[in-house]
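Note sheet for the following structure.
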Amino acid sequence: MKVVDFSVLALRSAIASGSLTSEALVQESLERIRRLNPVVNAFSQVYEKEALEEARACDRERAEGRLRGPLHGIPMGVKDLFFVADRLCQRGSAAYSNFAPKATAPIVQRMIDAGSIMIGKTTTTEMGWSGSGCSEFYGPTRNPWNLELTSGGSSSGSGAALAARMVPFTLGSDGGGSVRIPAAFCGIFAMKGSLGRIPAWPWSATEMLSHAGPMSLSAKDSALLFNILKGPDPRDHQALPDDGADYTTPRSLGSLRVGFVPGLFGFSVAPEIERVVREAVATLSTTLGIDIRPVVLDWQDPIGIFETLWVAGRGVAYGAQADLSAFGSGFRGLVEASARYDLADYLAAAKARAEFAGSVHALFEDIDLLLMPTVPVEPFAADREAPEGFTSPSEVLAWTGWTPFTYPFNLSGNPAASLPCGLTANGLPVGLQVVGRRHADALVMAFCQQAEDHLFQNKIPPLVVAGGKAGWGTPSNPTAEISSCNSTGEHS
């Protein structure tokens, strides 16, 4: 039994029944990491010895009739922004290369308490600042569908590790699209719940925007993971009470009011992205028996609001440091740019954010779900922050120019998922974004679980099918220095 062949749900049943040992599963995962990580660059740290020891302990406990929880003996990858006690948390930054926290984030602890085994830390952009997989610290994280291209970010390694079938699930965070962007580019599933659905700790420089959550190969797997992760933690004052819903329970979708918009704010959508998304929407309307209707939105692009909160927050968190030289050029430029904002700017942005959220919430008085592309572009070169020739309305956040459909829902706090819905003519995955009203996380997940049965069907990247054999899809220069990756997306 191999990781590539089975979902979290199937692995859970196999381990519980004794037909699969945790040690065999972890060994398979480690072997895949050894074979593929040198070219994909999804894991920054791997805990081979500790993971195998935990797996053997899980096997002994199962033989004695004891299971730690619903994820007993299943390995996971953890984004290297999350604290794990006494483990390096480098945050994609030379400034934190030796930082090891003394406490564990609630999202990680809940997975461990449920029986999962942390096999390693996955790559991220510096402090999770951008939406690409371009890192001056780790090097670029590459897309298993085409190693010349980016995985997307900032949960770069978490998305790429899943697409390469290195682990059955990973943990990511999303302040402006950071689980949904790599999900769309890598052909996997990820959902940002309502703000506070899954507790986020420690404190973030973008507290009003930051979400934490699982990433997996299917919505069905994520439904189980959400059941484990949701609910309050006293360390997160924004955490919501548990909604009491079982996200794995099927529900009727026949009476749903679903809207579709091909884009937002006048941004152009790549023809192949639009084609695949429109075909997916038509398929779902027919197969699910749902009337999906076009909607017209008069929202103004909230990029100015987002930029103020995003950049000013980084200034509050890191701008007081006397020496910024340890930070990479992109993140350092972000912190330096924060000096242009004062308290009045920040408070005005907070007020405008509330008004924008009100506009989004008003839409959901008329519909239950909104469908659109997750990202309007195909994956681009792995060593860039933005597609070549692409311009952004934000001077300091180049990545927002090609992710205009994700960050608005961080501002509004709505649940939003990226569901793989097909491949472009270039053989690259496309994500369908599914957005629900605030706190309707269970409905979004229920829709995605039924929709995925009629769409992407868990296609596997050729790199994985080939077993990661040398020569297949190898990037032209996989070990190239990436220290010049910066906020403009140029690579010199």
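The values are calculated or read from the model by the stated rules, or taken from the named source; none is laboratory data. Small disclaimer: the values here were computed from a predicted structure and weren't measured. Neighbour counts run over all protein chains shown; Cβ positions are idealised from the backbone, glycine included.
Figures for the structure shown
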item	result
Of all residues in the range 164-211 being of a type in the set (Lys, Arg) and either in a loop (DSSP other than H, G, I, E, B) or without any contact (Cβ under 8 Å) to a residue 40 or more places away in the chain (or both), the one that is nearest to residue 147 (Cα to Cα)	165
Those residues of the range 79-128 which are without any contact (Cβ under 8 Å) to a residue 24 or more places away in the chain, in a helix (DSSP H, G or I) and β-branched (Val, Ile, Thr), in sequence order	112
Checklist (1) more than 26 Å from residue 98 (Cβ to Cβ); (2) within 26 Å of the chain's Cα centre (by Cα) applied to residue 45, failing item	(1)
Counted residues, the range 32-77 - those being of a type in the set (A, V, I, L, M, F, W, C), under 29 Å from residue 153 (Cβ atoms) and assigned to a helix (DSSP H, G or I)	5
Pick from the range 212-233, criterion assigned to a loop (DSSP other than H, G, I, E, B) and of a type in the set (Gly, Ala, Ser), ranking: nearest to residue 308 (Cα to Cα)	231
Helices (runs of 4 or more DSSP H) lying entirely in the range 261-348 (those with 1 or more residues that are free of Cβ contacts under 8 Å to residues at least 24 places away in the same chain and closer than 21 Å to residue 206 by Cβ)	329-337
Selection within the range 196-217 - among the aliphatic types (A, V, I, L, M) and within 15 Å of the chain's Cα centre (by Cα)	198, 200, 209, 212, 215, 217
The range 4-25, residues that are closer than 17 Å to residue 467 by Cα, assigned to a helix (DSSP H, G or I) and touching a residue at least 24 places away in the same chain (Cβ under 8 Å)	4, 25
Subset of the range 386-400 (residues that are touching a residue at least 24 places away in the same chain (Cβ under 8 Å) and out of contact with any strand residue (DSSP E or B) (no Cβ under 9 Å at 6 or more places or on another chain))	386, 390, 393, 394, 395, 396, 397, 398, 399, 400
Leading residue by the ranking (nearest to residue 369 (Cα to Cα)) among those in the range 400-409 that are assigned to a loop (DSSP other than H, G, I, E, B) and out of contact with any Lys or Arg (no Cβ under 6 Å at 6 or more places or on another chain)	405
Residue match in the range 126-147 (condition: modelled with pLDDT of 95 or more, surrounded by fewer than 24 Cβ atoms within 10 Å (Cβ to Cβ) and in contact with a Pro (Cβ under 8 Å, 6 or more places away or on another chain))	yes
Considering residues of the range 229-272 that are over 22 Å from residue 364 (Cα atoms) and β-branched (Val, Ile, Thr) only, the residue surrounded by the most Cβ atoms within 10 Å (Cβ to Cβ)	269
Within the range 314-349, considering residues that are in contact with a helix residue (DSSP H, G or I) (Cβ under 7 Å, 6 or more places away or on another chain) and under 30 Å from residue 297 (Cβ atoms), the one surrounded by the fewest Cβ atoms within 10 Å (Cβ to Cβ)	345
Residue match in the range 380-399 (condition: within 23 Å of residue 185 (Cβ to Cβ) and assigned to a helix (DSSP H, G or I))	yes
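Residue-by-condition table, conditions (1) buried (at least 24 other Cβ atoms within 10 Å of the Cβ); (2) modelled with pLDDT under 95; (3) touching a strand residue (DSSP E or B) at 6+ places or on another chain (Cβ under 9 Å); (4) on the phi > 0 side of the Ramachandran plot:
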site	(1), (2), (3), (4)
41	yes, no, yes, yes
46	no, no, yes, no
51	no, no, yes, no
87	no, no, yes, no
107	yes, no, yes, no
110	no, no, no, no
113	no, no, no, no
